[in-house]
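One structure is given below, encoded as structure tokens.
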Amino acid sequence: MIQRIQTVYLLIAEILIGILFFVPLAGISGQNASIYRFDIKGLSLDGILKSDIASGSMPLILVWAASMMLIVVCIFMYKNRKQQIRFSIITIFILLGFGSLIFYSVLSTATILSGGHSFRIFIVFPVIAAILIYMAIRAISKDERLVRSIDRIR
């Protein structure tokens, strides 16, 4: 059912990943003492995207969009619990890869700029979302066991 606790876990995970589109993930200092803002959309200085400094952020946007869509699919697959668990596991791996991709992108961009970097707290959101999806998987499997036990009684 859509009003179960696993839906709440999946919605919170969706909100956390959605927030990542609007917040800075890291601050990168350049050679000329300028502070760049690194987010999913790319690297910016004073609100102007700097596509010539670092590589494109298209992989980040694609993985972000894929994870957002998979979480929505997981929410609405409540009638088929086994497939919901499978899609949730795939989403966990994509989120962990997304967190790794963010980390790698920040480090490589800081290396290109020959400057330092400082991560923001938002960098842990993919890991928190993966934990929430794991908790949803546990709740889904609990529902599956309950349904099987009721079928066995009949």
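The table below lists the values:
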{"item": "Residue-averaged [θ]222 nm for the chain, counting only DSSP H segments that reach four residues, each worth -39500 (n - 2.57)", "result": "-21500 deg cm²/dmol"}
{"item": "Å² of accessible area per residue within the chain, as computed with a 1.4 Å probe and no ligands counted", "result": "57 Å²"}
{"item": "Gain in span if fully extended, Val73 to Ser100, counting 0.36 nm per residue against the direct Cα distance", "result": "7.4 nm"}
{"item": "The chain - Rg over Rh from alpha carbon coordinates, Kirkwood radius", "result": "1.13"}
{"item": "Förster-model FRET efficiency, 25 Å R0, Val8 and Lys41, C-beta, rounded to 0.05", "result": "0.30"}
{"item": "Difference of contour (0.36 nm per residue) and Cα-Cα distance, Val127 to Ile89", "result": "12.3 nm"}
{"item": "Percent accessible area from carbon and sulfur atoms, the range 13-154, protein chains only, probe 1.4 Å", "result": "67 percent"}
{"item": "The chain - charge dipole about Cα centre, Lys and Arg +1 at Cβ, Asp and Glu -1, debye rounded to 20", "result": "920 debye"}
{"item": "Rounded Å value of the spacing that divides the Cα centres of the range 1-32 and the range 99-119", "result": "19 Å"}
{"item": "Cleavage-rule hits (chymotrypsin sites (Phe, Trp or Tyr not before Pro)) in the range 59-118: DSSP loop, at most 12 neighbouring Cβ within 10 angstrom", "result": "Phe76"}
{"item": "Phi-based couplings in Hz for the range 105-118 (Karplus 6.51, -1.76, 1.60; Gly and Pro marked x)", "result": "4, 5, 5, 5, 5, 5, 5, 4, 7, 6, x, x, 9, 9"}
{"item": "Label-point separation in nm, Phe119 to Arg145, each point 7 Å along Cα→Cβ", "result": "3.4 nm"}
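The values are calculated or read from the model by the stated rules, or taken from the named source; none is laboratory data. These numbers come from a predicted model, not from an experiment. With ideal geometry, Cβ positions are generated from the backbone for all residues, glycine too; neighbour counts draw on all protein chains shown. SASA here: full protein model, heavy atoms, side chains in, ligands and nucleic acids out. Shrake-Rupley method; radii C 1.70, N 1.55, O 1.52, S 1.80 Å.
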